[in-house]
Amino acid sequence: MNHVHCTHLPAFVDGELPREHHEDFRAHLASCEACGARFHDLLQADILGRLAHAKAAPTPEATAAPPA
């Protein structure tokens with residue numbers, strides 16, 4: 001197990017890991033149960049955060065001025 005790849009987890013989830021590292025990183029995820037579980041957790045947290053942010057964003061109707 002080479003857990004140096006664990007430092008790549010947040011960058012991969014955020015889409016910031018350089019393409020040249022994707023193949024090695026994916027191979028590590030497939031072979032390391034601990035990193036795969038951590039990746040799953042980070043991915044779920046990212047999705048939940050995006051959903052919460054989307055629900056919190058004001059709609060155009062909510063920011064429109066009331067009719068005079």
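Every residue in segment 35-47 that is within 14 Å of H8 (Cβ to Cβ) and of a type in the set (A, V, I, L, M), please.
Answer for segment 35-47, where residues must be within 14 Å of H8 (Cβ to Cβ) and of a type in the set (A, V, I, L, M): L42, L43.
Output the qualifying pairs, or none if there are none: Cβ atoms under 7 angstrom, residues six or more apart or on different chains, first residue in segment 42-53 and touching a residue at least 24 places away in the same chain (Cβ under 8 Å), second residue surrounded by 11 or more Cβ atoms within 10 Å (Cβ to Cβ) and not acidic (D, E).
L42/L9; L42/P10; L42/V13; L43/V13; D46/V13
Of everything in segment 8-25, what is under 18 Å from I47 (Cβ atoms), open to solvent by 50 Å² or more (accessible area, probe 1.4 Å) and not small (G, A, S)? Give them in sequence order.
P10, D14, E16, listed by residue number.
The values are calculated or read from the model by the stated rules, or taken from the named source; none is laboratory data. None of the values given here were measured: they were computed from a predicted structure. Neighbour counts run over all protein chains shown; Cβ positions are idealised from the backbone, glycine included. Just the protein is used for accessible areas: all its heavy atoms, side chains included, with ligands, DNA and RNA removed. Shrake-Rupley method; radii C 1.70, N 1.55, O 1.52, S 1.80 Å.
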